[in-house]
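**Q** Just dropping this structure here.
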Amino acid sequence: MIPVLALLAFLGLILFINRRQLGVSTMADYATANHSIGVLGITFGFLATWYVGAGYTVFSGFAVSFGMIGMYVVPYGIITLLVMYLVAEKTFIWGKKYQLRTQSELLGLRYRSDFIRVLTGFAGVALSVPWLLMEWYTIGYVFNYATDGFISPLLGMIIGIFVVVFYVAMGGMRSVVTANIVQGLYMMIVGSAVLIYVLYSELGGLTAAMDRLFHESPEAMIFPGPGWDVSPNYWTAIIITSGLGGFMWPWVYNKLFAADSLRTIKQSVLFAPVLGILSFALLIILSMALHPLPFAQENPEEALFWAHSQAGVWPLALFAVLVMAASLGTVSGILNAMSTAISGDIAQVINRKISEKTALLIARWSVVAMSAGALVGAYLKEGQLVFLALMTYQGMIVLAPVVLLGLYWQRANKFGAVIGFLTGMAVSFGLTLSEPQFLVTYGWTPGVYGFLTTLMIMIVAGYLRPVESHVEKLWGDIACARGQ
């Protein structure tokens with residue numbers, strides 16, 4: 001009873017805090033909160049959106065099963081910190097000057113192409129769907145476990161959907177970030193505390209846990225882990241794929257447009273990844289420490305819930321809220337970004353006559369429609385959802401050259417971006433679906449091949465055409481902003 005009451009109290013708190021943020025009346029306010037969010041909101045907006053609830057089930061289960069390989073999140077986070085730093089300044093400057101709302105709108109401006117805007121907007125929506133499904137599944141799973149089966153996963157998902165749809169549809173980015181602050185503070189303070197408590201109360205502390213792991217399952221402390229034979233290149237590949245693709249998600253990237261100043265962006269670029277790396281490292285260490293336990297080996301995705309339930313009803317209640325906070329933070333960001341893309345990057349580009357009022361209505365109903373569709377889709381088997389979610393990274397990394405070269409290389413042009421993006425996606429997903437033997441032999445994931453394909457095509461196309469005049473103007477905007 002205590003865990004479910006804690007969950008309901010947390011959901012009620014989110015709605016109560018957001019009551020003043022509801023009722024936005026413009027797409028600019030819905031999508032970017034009129035560029036008014038400070039460093040606390042941007043930092044925890046990044047963190048809460050990034051720190052997925054499935055990290056405590058699916059990805060912690062990965063570390064429980066295979067051990068040390070789960071620590072790839074630390075170097076991956078460092079690479080993402082670098083990517084954030086590289087894209088932040090120019091994204092903010094152009095976003096502020098041209099009142100941009102989304103990553104796709106930024107690319108449409110840079111390459112002067114509505115087709116690129118629609119293409120990347122659609123790709124962002126399509127590639128985000130599996131993550132939405134997996135987070136809904138996690139929310140239903142949390143309610144089911146916290147009530148010892150009394151609340152079904154379906155009913156749990158419905159409760160979560162009602163809360164998120166209400167404050168995202170009515171409050172937009174402002175509500176999302178307000179909720180993210182609450183979720184982020186809870187995850188960093190209470191969430192970290194309860195993970196550390198379980199590490200010491202159930203496993204005897206970090207030293208004792210690692211000693212047990214070393215003596216009972218030494219194979220879990222080396223790459224690639226027990227029962228798995230894979231090329232060492234695989235470790236590098238998943239770090240590169242996640243690191244370059246991790247900040248390309250529109251539901252993360254779009255937070256840059258909501259910031260109130262470049263100073264806020266620079267501070268958040270430092271704080272968010274560092275906090276995320278520390279939090280994920282703690283999560284993976286605890287997951288690795290559970291590997292020697294029979295229940296954890298047989299039920300890796302339930303291992304963290306089981307460990308907290310063994311520690312007592314209150315640790316379980318606090319942990320259930322932690323997973324719920326992480327899921328809601330991710331889901332709200334995804335829904336806001338997807339609905340903004342559907343309305344602004346697709347509908348308003350295809351039909352220029354759509355008014356801002358109608359665009360806002362489209363965005364709000366998109367939230368409802370996507371949530372209802374995800375409720376049905378989340379009834380797929382979890383293993384299938386994980387496969388789909390992991391596969392999406394093979395697509396997001398292909399977007400990285402389009403964004404990074406567009407921001408840093410004046411010769412990058414729309415022909416190279418379009419052909420490179422489409423060809424890179426075809427290579428990446430073609431290899432993912434066909435699974436040729438050389439993927440196993442050499443260990444490089446399909447996304448790496450897709451990334452290199454896009455990069456090479458964009459470089460060749462860049463030298464085949466002169467620098468476009470509008471690009472020089474954009475670079476002038478950057479120089480002017482730096483001078484000021």
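**Q** Sorted by average packing, counted as other Cβ atoms within 10 angstrom per residue and highest first, what order do 360-372, 38-50 take? Present the calculation step by step, with values, prior to reporting the outcome.
**A** On the way: 360-372: 18.8, 38-50: 25.6.
Ranking, from highest mean packing down: 38-50, 360-372.
**Q** Excluding same-chain residues fewer than 8 positions from LYS255, which aspartates and glutamates have a Cα within less than 20 Å of its Cα?
**A** By straight Cα distance, LYS255 reaches ASP29, GLU89, GLU105, GLU135, ASP345.
**Q** Then there's this: Using only the C-alpha atoms of the chain, find the volume of their convex hull and express it per residue in Å³.
**A** 131
**Q** When the accessible area of the stretch 1-383 is split by element with a 1.4 Å probe, what percent falls to carbon and sulfur? Display every interim value, and only then the final one.
**A** On the way: 9450 of 13720 Å².
Ligands and nucleic acids excluded, carbon and sulfur give 69 percent.
**Q** Using a simple charge model, +1 on the beta-carbon of Lys and Arg, -1 on the beta-carbon of Asp and Glu, nothing else, what dipole does the chain show about its Cα centre, in debye to the nearest 20? Don't skip to the end; give the middle numbers.
**A** Numbers: 24 positive and 22 negative charges, 428 e Å.
The dipole magnitude comes to about 2060 debye.
**Q** In square angstrom, what is the accessible area per residue of the stretch 1-84 with a 1.4 angstrom probe? All intermediate terms of the calculation are to be shown ahead of the outcome.
**A** Working: 2730 Å² over 84 residues.
Per-residue value: 33 Å².
**Q** Output the relative contact order of the stretch 25-139, whole-number percent, from Cα pairs under 8 angstrom with separation of 6+ residues.
**A** 28
**Q** What angle, in degrees between 0 and 90 and rounded to the nearest 10, separates the Cα long axis of helix 206-216 from the longest principal axis of the Cα atoms of the chain?
**A** The two axes meet at around 80 degrees.
**Q** If we count every other residue with Cβ under 12 angstrom of LYS90's Cβ, Lys/Arg +1 and Asp/Glu -1, where does the sum land? Could you put the intermediate results ahead of the total?
**A** Numbers: positive: LYS96, LYS97, ARG110, ARG482; negative: GLU89, ASP477.
Summing Lys and Arg as +1 and Asp and Glu as -1 gives +2.
**Q** Please list 175-183, 53-61 highest first by mean number of surrounding beta-carbon atoms within 10 Å per residue. Could the numbers behind the result be given before it?
**A** Values: 175-183: 27.0, 53-61: 24.8.
Listed from highest to lowest mean packing, they are 175-183, 53-61.
**Q** What is the helix-to-structure angle for 446-464, meaning the angle in degrees between its Cα long axis and the longest Cα principal axis of the chain, kept from 0 to 90 and rounded to the nearest 10?
**A** Approximately 10 degrees, to the nearest ten.
**Q** Once the whole set of protein chains is in place, how much accessible area is left on TRP314, using a 1.4 Å probe, in Å² to the nearest 10?
**A** Approximately 150 Å² of TRP314 is accessible to the 1.4 Å probe.
**Q** Can I ask one more? Distance cut-off 26 Å, Cα to Cα: go down the list LYS90/LYS357; LYS96/LYS266; LYS266/LYS414; LYS357/LYS473 and report the pairs above it.
**A** LYS90/LYS357; LYS266/LYS414; LYS357/LYS473
**Q** Now for a different question. Ordered by packing density, taken as the mean number of other Cβ atoms within 10 Å over each peptide's residues, highest first, how do 140-148, 403-411 rank? Write out the running numbers ahead of the final one.
**A** On the way: 140-148: 22.6, 403-411: 18.6.
Descending mean neighbour count gives 140-148, 403-411.
**Q** For helix 233-245, what angle does its Cα long axis make with the longest principal axis of the chain, in degrees from 0 to 90 and rounded to 10?
**A** It works out to around 50 degrees.
The values are calculated or read from the model by the stated rules, or taken from the named source; none is laboratory data. Quick caveat: nothing in here was measured; it's all calculated off a predicted structure. Glycine also receives a Cβ, built like all others from the backbone with ideal geometry; neighbour counts cover every protein chain displayed. Quick note on the areas: whole protein, heavy atoms, side chains included, nothing else; ligands and nucleic acids left out. Shrake-Rupley method; radii C 1.70, N 1.55, O 1.52, S 1.80 Å.
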